[in-house]
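First the structure, in the form of C-alpha cells, and then the observations on it.
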Amino acid sequence: MAVADPDISKIQNFKMKWGFEPISFVDLDSFWTSEINLDLLSICSNTASHFEILKKAMERNIPYILCEKPITDKENELNEIVELSKRSNSKIIVNHILRWEPGVDSIKEKLRHERIQKVVVFYAKGFLHNGIHVVDLSLYLFGSPKKIIKRKEHIDGFGYLNFDFDLVYDSFEISFFALDEEKFSIFEYSIYTDLGKFVIDELTSKMKYFSIIKHPNIEGYRYIGSKAEEIECLQFQSMKNVIDDVIIGIRAGDESYFKSDFKATLSTMNILFDIMRAPCQN
C-alpha cells in the first residue's frame, strides 16, 4: 500500500483514518522511480493531472487503474489514452459513481416494464464537472442516443460553461437544462412513463416513484399523484460500493464488477465531446 500527495497533512490524515503506515510520497517523480509493485492505482487528483498520471501508469502496465471522472476534459488526450490502451495491459475503471447506486439499478429494472414518454433533467456546476453525471446516467439507463440537439450555451455566475441540449431516442427524448450554481445546486432527473414518474433528486440522495392515480371527482381524469414510493438509495456510501466492487472484481478476475470500464467511459466521453462540438439550434 502506498499513498502520494504533495500535501503532507493529507497523508497524515490518511494514516490516522485508516490506522496503518503506508509507503508515502510527496511528489510523483519519487513515486514513479520507486520499485513499488501495485495491483491497483487510484487517481483522485484534479482533472488536469489525470492524463499524465494515466499515461505513466499505462506505460508501467499497472494492472488496474481507478480514475475519478472525467477521465480528461480534452479530446486529444482522450484519443491518446485510446492509443495507449491498445499497447498497455492496464485495465481502466472510471468512477462514474451512479452506476454503482443500487437505486439506479432498481429504476433501470422497473423501466423494462414501462413505456418512457419523456425525461427532463436539471443540473448545475458546469457541463464537464456535473453534466457528465447526467449524461453518463442517461447512457447507463437508455444506451446511446440517435441524435443530439444543442439548444443553448451559457456561463453561470461562477464561470462554469453549461449547455442546454436534447438526447433523442427512437420513441422519446431527454431534455437537459443547466441552472446557475451561484444561485443553488441541483441534480434533478425525472423520467415520465405511461404509468408514473421516477425522480432522482436532492443531489442524488433521494430516489422516488410517483404512480398515476384517478381523479377522485372528475371521471376519466388521471394524473401523477403526490405520494411517493421511496426507492432504496445508498448514495452516501456509494464510494464504498465502488471500492468494494473493484476489489471483488480484481480478486475474482470478473470484470463485470467494473460498471464503468474504459469502453463505457469512452462512449460517455465521445457523447460529451459531440455535444460540445454541436452547433446551437436556437
Restricting the search to the range 228-269, which residues are surrounded by 13 or more Cβ atoms within 10 Å (Cβ to Cβ) and of a type in the set (S, T, N, Q)?
Gln235, Ser238, Asn241, Ser260, Thr265, Ser267, Thr268
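Of these, Asp27, Asp39, which one is in contact (Cβ under 8 Å) with a residue 40 or more places away in the chain, of a type in the set (D, E, K, R) and either surrounded by fewer than 11 Cβ atoms within 10 Å (Cβ to Cβ) or under 24 Å from Pro70 (Cα atoms) (or both)?
Exactly one residue qualifies, and that residue is Asp39.
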Considering only residues of the range 110-137 that are small (Gly, Ala, Ser) and farther than 14 Å from Met269 by Cβ, which is surrounded by the fewest Cβ atoms within 10 Å (Cβ to Cβ)?
Gly126
Check off (1) more than 13 Å from Leu111 (Cβ to Cβ); (2) free of Cβ contacts under 8 Å to residues at least 60 places away in the same chain for Phe172 and give me the number that stays unchecked.
(1)
Flagged in the range 208-235 as in a strand (DSSP E or B) and hydrophobic (A, V, I, L, M, F, W, C), in numbering order, are Phe210, Ile212, Ile213, Ile224, Ala228
Reported set for the range 185-227 where residues are at pLDDT below 95 and buried (at least 19 other Cβ atoms within 10 Å of the Cβ) is Thr204
I need a count of the residues in the range 188-219 that are in contact with a helix residue (DSSP H, G or I) (Cβ under 8 Å, 6 or more places away or on another chain) and closer than 16 Å to Ser175 by Cβ.
5
If you take just the strands (runs of 3 or more DSSP E) that sit entirely in the range 59-124, which of them hold at least 1 residues that are over 23 Å from Asp166 (Cα atoms) and among the basic types (Lys, Arg)?
91-95
Consider the range 32-47. How many of its residues are touching a helix residue (DSSP H, G or I) at 6+ places or on another chain (Cβ under 9 Å), of a type outside the set (Asp, Glu) and under 20 Å from Pro63 (Cα atoms)?
7
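The values are calculated or read from the model by the stated rules, or taken from the named source; none is laboratory data. Everything quoted here is computed from the prediction, not taken from an experiment. Heads up, the Cβs are rebuilt from the backbone with ideal geometry, glycines too, and the neighbour counts pull from every protein chain shown.
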